[in-house]
Amino acid sequence: MNDRQPLRHSRHILLPEICIEGRRQLPDTGVPNKPATGPNIAHAANAAVNLAALLRILLLLLALPFATGLHATEQPSGPPIRIGLTPVFLDDQATFINEWRDYLQHHLNQPVIFVQRGTYREIVELLSSGKLDFAWLCGYPYVRNKKIFRLVAVPLYQGKPLYQSYLIVPSSDKQTRSLDDLRGKNFAFSDPDSNSGHLYTEYLLAKQGSNPTSFFSKSFFTWSHRKVVEAVAIGLAQGGAVDGYVWDTLVLAHPELTSKTRIVSKSPPFGHPPFVASAVTPKQDIAALQQALLHMAQDKVGSRLMKKLNLDNFVYGDDHLFDGIEEMARFVANTRNSASEK
Amino acid sequence: MLHLKNISLKYKIPLRVTVLVSVTAFVLASTLVYRGIEDLRNNMIANADRMGRVIADTVVQPMLHDDVWRSLEIINAPFRIPEYHAPDQGAEYILILNAANKVYVATQPERFPLLSDPTAIEPRYAEILKSLPDLHNPVPTIIEPHKSANLFLLIPIQSDGLRIGTLVMSYPKSPFMSSFYSLTQGAILTTLLVIIVLLPLGMYWGRKMAAPLLQLSDAMRNITPALPEPGEIMLEESDDEIGQLGKAFKGMLTELKEKEQLQQQVISSNRLAAIGRLTAGIAHEINNPLGGMLNAISTYKKHGLQDTLTLKTLSILERGLIQIKETVAALLVEAKPKARPFDQNDVEDIRTLIQPDVKAKQINFTGEIDIAGIRSLPSTLVRQVIINLLLNAVQATQEHGQVILDIYSENGNLIIDVANSGSYIPKEKVAYLFEPFISQNETGSGLGLWVIYQIVQQLGGHVSVQSEPDETRFTVQLPLQKN
């Protein structure tokens, strides 16, 4: 399964660039604004000339994707900053993401490319291999890659750089009081590399000497917190682990979805998913992004975007915020290792 | 009991039109409805198959990765398309069975929980699982369990020639029923409309067809007791079957009429001939003893005793016998070939003879006589015919009436035409008019016309009568022999 992943990357890698940038780049491709002179095509005398014109247009059309790539850096100029996004927030809002990108481009005076992938792992791999400059990640992958990633900023949610993991069940389920009641049921996790959507529940089970595979009848990943809520809401899973901040935000944006679920229990607070930088990202870039993020709550557009994110602000943050996650990660890793040794 | 064949054409034809329209509509509608449903079904199956194969192909990788959520997103994709919920297109649910035929994932997860046994949820799945599709079967596998409201389309999910699961798409059959109802309803409405339009037309046709037949049957009913005149019968003129029937009937009527007239003439002349023969025989038988008796009386008068009583008695006998002789003589009209020919003098004599009667009744007596060159007819007989006819006419005419006598020759015949005003002879009496002792009035002997008839018969001629309320005309036609 591992050797398949790079293949998936290479196949998908161009698409977001085109999609996000393509909208504004199309007029700049240099395609002559002169359409192929339609009536002349029928003219036998002009046939050769028109054929040439047609070929030229075809070539230009073929060159379009490359041209788009080339022109991606045009406004503002300079090398683009690539920021990886994961579903630690509601990342399925293309309009909002475009606005945020434009905002950051404006404040960084540098092109910004947001890169989204299906899993946390892909973003982590891109970041660790230096193909991304920054990423908004979960604390769990951050603590595992603490040595190579650098903390850039942490969001403030309800005044604190903290969030919780929620255990949710369908609202029709009135009985469940704790995770123990979900033994032998189907359970939805968000991402294997998510703290709130996987690690915390796995940690709870590991403390009991159990694990998701044996505890649940069936557990599966939906690869996003929002979809955990969906899976629980439609009854595919009888329980799910979800990012509390995402659930709270969904209550605002899609109450019809969250109303079909019920929170059974909340975890202790953990460090909110942080913005991190790769090992090779230049220091001035890190500082620039820090400034841009921290500045957001202070201007009009930025505060509107922050409101959409349902966050108060970004702060510098402290590595110790993630100690709790680190501890759980260590405990779970040890349990796994001992289990595999047996 | 109203029998179908006794119903009038006026109703039968519209009824038949209705039956025809209904049968046609039923056959057409059944075919169209069947085709419509079949098309709908085929269309739905084709769509479902196409979509199912795309899903089955796409879901392979998530299934190999045991990614339940992705698999659900894939099978859920069709339900996100708004048109997919159109009643004739959408599946009720889609589910994936894993290799062990347990629910891998379903679009109705609450009904079909993960890893549940579908047969425990829907007993129909026992039947469905029996006919899992062949991996390489290009034809969609469709299962319609007995009495099921759904039909199921099964598509294998395979990787590298290995079945890793089965895609089950359940489609409700209700769209077929509802479109069956709507199509049928439409067909019935159209049929009713057509019938409403055609019914008056059928009634019109029915009337149109029945009317001439009714006329014909009325005419046929009226041929008794007396045959109607062909002109009196109103029948539709056309060349179709009914028209031909009418024509044939008219032809038949004309022939019957001719035959009847001929028959009557034959009967009449036969009777007159028989009467003539009878009277002649009787007259001869009477004349012989009568002559003897009259001779005996005459002899006795000359040579017998002359006492008064005897003479008186003999006179009475003689007068009676003479009356018998005269009557018999009148009955027995005999030709007298040696008589002189009829000429203008006879006409003058006749005028003179008739004058007192004409004057007595103040009758306007006119006529044209043209008998120049006619010499072959015996005067005595012709005179008797004319005098008898004129006396009859004068007698029958009211005072100040009119009598016309025309005599002329035409086509080798002498025509004697006597017409008078008034005194209509009813039709039924005409047939017996020339028989003896048939009298129109109380005063006559009843022998006048009989004598005329006998004379005309002897002369090889013909007598006819035409009587209308204001004019009665006797026409005698006598052949002129060329000497």
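Each value in this text was obtained by applying a stated rule to the coordinates, not by laboratory testing. Since the model is a prediction, treat every value here as computed from it, not as a measurement. Note that we place each Cβ from the backbone using ideal geometry, even for glycine, and neighbour counts take in every protein chain shown.
Data table
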{"read-out": "Calculated diffusion of the protein assembly as shown, Stokes-Einstein form, Kirkwood radius summed over Cα pairs, 25 °C and 0.890 mPa s, µm²/s", "value": "60 µm²/s"}
{"read-out": "Region B:301-460: antiparallel DSSP beta bridges as a percent of all, rounded to 5", "value": "60 percent"}
{"read-out": "³J(HN,Hα), Karplus 6.51/-1.76/1.60, whole Hz, each residue of region B:70-81, x for Gly, Pro", "value": "4, 4, 5, 4, 5, 6, 7, 3, x, 6, 7, 6"}
{"read-out": "Cα-projected label distance for B:TYR204 with B:ALA372, points at 7 Å along beta-carbon direction, nm", "value": "7.1 nm"}
{"read-out": "From phi via Karplus (6.51, -1.76, 1.60), per-residue ³J(HN,Hα) for region A:248-265 in Hz, x at Gly/Pro", "value": "4, 5, 5, 4, 6, 7, 9, x, 5, 7, 5, 5, 8, 10, 9, 7, 8, 8"}
{"read-out": "Mean Cβ count within 10 Å, highest first, over the residues of peptides A:254-261, B:415-422, B:67-74", "value": "B:67-74, B:415-422, A:254-261"}
{"read-out": "Calculated FRET value between A:SER338 and A:ASN145, using beta carbons and R₀ = 22 Å, to 0.05", "value": "0.40"}
{"read-out": "Chain B - mean residue ellipticity at 222 nm from DSSP helices (-39,500 (n - 2.57) per run, n ≥ 4, rounded to 500)", "value": "-19000 deg cm²/dmol"}
{"read-out": "Anchor A:LYS146: lysines whose Cα lies under 25 Å away (excluding residues fewer than 8 positions away in-chain)", "value": "A:LYS131, A:LYS160, A:LYS207, A:LYS283"}
{"read-out": "Amide H contacts under 5 Å for A:VAL152, placed H, 5+ residues apart", "value": "A:PHE275, A:VAL276, A:ALA277"}
{"read-out": "Efficiency of FRET from Cβ geometry, B:LEU278 and B:LEU227, R₀ 30 Å, rounded to 0.05", "value": "0.40"}
{"read-out": "Between region B:5-54 and region A:88-139, the Cα center-to-center distance that results, in Å", "value": "63 Å"}
{"read-out": "Length-normalised contact order for region A:67-203 - Cα pairs under 8 Å, 6+ apart - percent", "value": "23 percent"}
{"read-out": "Of A:LYS260/B:LYS173; A:LYS174/A:LYS260; B:LYS361/B:LYS427, those spanning more than 20 Å from alpha-carbon to alpha-carbon", "value": "A:LYS260/B:LYS173; B:LYS361/B:LYS427"}
{"read-out": "A:SER77-B:LYS147 pseudo-label distance in nm [points 7 Å out on the Cα-to-Cβ vector]", "value": "8.1 nm"}
{"read-out": "Lysines with Cα under 24 Å of B:LYS12, excluding same-chain neighbours fewer than 8 positions away", "value": "B:LYS208"}
{"read-out": "Amide H contacts under 5 Å for B:ASN413, placed H, 5+ residues apart", "value": "B:LEU480"}
{"read-out": "Calculated from backbone phi, Karplus (6.51, -1.76, 1.60) coupling profile of region B:12-17 in Hz, x at Gly/Pro", "value": "5, 5, x, 4, 5, 4"}
{"read-out": "Interchain or long-range residues, amide H under 5 Å from A:VAL264's placed H", "value": "A:LEU167, A:ILE168, A:VAL169"}
{"read-out": "Inter-chain shielding of A:227-235 (mean C-beta neighbours from other protein chains, 10 Å cut-off)", "value": "3"}
{"read-out": "Prolate/oblate/rounded call for region A:75-139, Cα gyration tensor, a/c under 1.5 rounded", "value": "oblate"}
{"read-out": "Fewest-first sequence of A:ASP318, B:ASP160 by Cβ atoms within 10 Å of each Cβ", "value": "B:ASP160, A:ASP318"}
{"read-out": "Most positive-pole-ward Cα, B:VAL358, B:ILE322, B:GLN344, against dipole of region B:292-383 from beta carbon charges", "value": "B:ILE322"}
{"read-out": "Cα-based Rg / Dmax (Å) for region A:109-203", "value": "16.8, 54"}
{"read-out": "B:LEU278, B:LEU154, B:LEU132 arranged by Cβ crowding within 10 Å, fewest neighbours leading", "value": "B:LEU278, B:LEU132, B:LEU154"}
{"read-out": "Order of A:PHE96, A:PHE314, A:PHE114 - criterion: other Cβ atoms within 10 Å of each residue's Cβ, fewest first", "value": "A:PHE96, A:PHE114, A:PHE314"}
{"read-out": "Fraction of beta bridges assigned by DSSP in the protein assembly as shown that are antiparallel (%, nearest 5)", "value": "75 percent"}
{"read-out": "Dipole-positive endmost among B:PRO123, B:GLY90, B:LEU135 within region B:90-146 (Cβ charges, Cα centre)", "value": "B:LEU135"}
{"read-out": "Only Lys, Arg (+1) and Asp, Glu (-1) charged, at Cβ; the protein assembly as shown dipole about Cα centre in debye", "value": "1720 debye"}
{"read-out": "Contact order normalised by residue count of region B:330-416, Cα under 8 Å, 6+ apart, percent", "value": "37 percent"}
{"read-out": "Packing-based ranking, highest mean first, of B:371-378, A:104-111, A:229-236 given that Cβ atoms within 10 Å are counted", "value": "A:229-236, A:104-111, B:371-378"}
{"read-out": "Reachable aspartates and glutamates, given that their alpha-carbon falls under 16 Å from the alpha-carbon of B:LYS301 and they are not under 8 places away in the same chain", "value": "B:GLU318"}
{"read-out": "Formal net charge of residues neighbouring A:THR213 (Cβ-Cβ distance under 13 Å; K, R +1; D, E -1)", "value": "+1"}
{"read-out": "Over region B:340-483 - Rg/Rh using Cα atoms and the Kirkwood inverse-distance radius", "value": "0.94"}
{"read-out": "Farthest positive-ward along region A:177-218 dipole, Cα basis, beta-carbon charges - from A:THR213, A:PHE189, A:TYR200", "value": "A:THR213"}
{"read-out": "Gyration tensor (alpha-carbon) shape descriptor, region A:159-301, a/c threshold 1.5", "value": "prolate"}
{"read-out": "Over chain B, relative contact order from alpha-carbon pairs under 8 Å, at least 6 apart, %", "value": "10 percent"}
